[in-house]
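Here is the structure we will look at.
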Amino acid sequence: MSATLLVSDLDPFAPEFLGDPYPAHAALRDAGPVVRLERYRTWASARHAPVRAALLDHETFCSSAGVGISDFRKEEPWRTPSLLLEADPPEHTRARRVVAGVLSAAAMRRLAEDFMSAADELVARLADGEPFDAMTDLATAFPVHVFSEAVGVPDDKRENLLTYARMVFNTFGPRNELFRNAVADAGPVRDWIAQRCRAENLLSGGMGAEIHARAAAEGFTGEESAMLVRSFLSAGVDTTVHGLGNALWCLAQHPEQFAALRSEPDRARAAFEEVLRFEAPVQTFFRTTTREVELDGVTIGDGEKILLFLGAANRDPRQWPDADVFNISRRATGHVGFGFGIHACVGMAMARLEGEAVLTALARHVRKIEPTGEPRRMLNNTLRGLESLPLRLVPA
Ligand code: OVV
């Protein structure tokens, strides 16, 4: 009874919640495995076990009705639905095969050297003890550059990738101020993205061109192939920007953890994984039920939206000891920051490579990460990250 009252008023898309979601996450987890969010007339889960179970049961918890709060069966989507994210098998399976082929382990091995040397060069240059904005000059600059080069996005107005992604991730939420501001002048950036996705506008030899080639071989039309590139451009940059920004923030706040990383640079990959657990850049996704279902003892009707709190599941004390402690030496595997199941992040190997590259370079070139001012939080209906992060890197 009191648990229901506790959650009934909660708005997980309000600025106060988004600014510091963790106390509310704990309350949601403690209220029950699955709770009712009265304000939005949806279900929600903030515990690890039911979130993972829902993600694994894609037949019952489907994606084709949208993975935001909007139900595509009742409301017109704001953009043409993604063939990958907002699709179920068998359509999803075909699309996923194309994109997964481009993001294979072999492809990552080809990218690794370039990513490592780009990160090394950038961090070596920034590690001069002078204050700078680590969001702009590192967490944003690095992914925008290496992603665009790898995909074959020409070097012109690449910052539109960030504007577009921020828009996409805001539109998974309700039509609040964040949503309205994000789509206020969507036209030009949508047109820019649509143009960039076309085969003739992608540089030859890049992953974008490869998507077109592989998609054509699978029988996709040119327009559908461009839609698969759109998925790449939507999900591939701002997510890693905030993954890296959150990593820098975590390491700046926990100097003993940075010292541990420095003493063993081989821990870079594991450290980045812990960042994704502790400060998941993608905080939430919805699913829609395709039948009445019992999830962890709670009955949910057919055709209901359920909000899965990935970031809260990652800090569930039922799953991790000292869940609220940032510790690069723990086993963070099993976190749901990349999702789980058939929709698990298809680009996770590339994201991990970017994280490993930057954290390895920091471990090599930097003795100390020192905040030089207050960070400014970026508020988004789905993403968790910073707008600005003033700090200096004391050279090793
Ligand atoms: C995972 C993700 C986020 C945003 C957009 C897309 C995917 C897409 O497929 O467009």
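Miscellaneous remarks
- Within the same chain, lysines fewer than 8 places from residue 305 are excluded, and of the rest, those with a Cα less than 24 Å from its Cα are 74.
- Both radii are taken from the alpha-carbon atoms of the stretch 191-269; with Rh as the Kirkwood radius, Rg/Rh is 1.24.
- Coarse-grained scattering of the chain at q = 0.13 Å⁻¹, given as base-10 log I(q)/I(0) from a Debye sum over alpha-carbon atoms: -1.11
- Most mobile of 39, 267, 97 in a GNM of the chain (Cα contacts under 10 Å): 39
- Each principal axis of the Cα cloud of the stretch 265-383 was evaluated for its coordinate range; sorted largest first, these ranges are 55, 30, 29 Å.
- By other beta-carbon atoms within 10 Å, ranking 306, 211, 342 with the fewest at the front produces 342, 306, 211.
- For the stretch 1-129, the normalised intensity computed at q = 0.15, 0.18, 0.20 Å⁻¹ comes to -0.95, -1.04, -1.12 (log10 of I(q)/I(0), Debye sum over alpha carbons, equal scatterers, no solvent).
- Taking 368, 305, 74 and counting other C-beta atoms within 10 Å, the order from fewest to most: 74, 368, 305
- Loop-located GluC sites (Glu not before Pro) in the stretch 252-358 (DSSP state other than H, G, I, E, B) with a sparse environment of at most 14 neighbouring Cβ atoms within 10 Å: 292.
- Kirkwood Rh, Cα atoms: Rg over Rh of the stretch 66-176: 1.06
- Loop GluC sites (Glu not before Pro), the stretch 49-132 (other Cβ atoms within 10 Å of the site Cβ: 13 or fewer; DSSP): 59, 75
Since every read-out is calculated from the coordinates, none of them should be taken as a lab result. Owing to the predicted nature of the structure, the values given are computational and were not obtained by experimental measurement. Cβ atoms come from the backbone with ideal geometry, glycine included; neighbour counts cover every protein chain shown.
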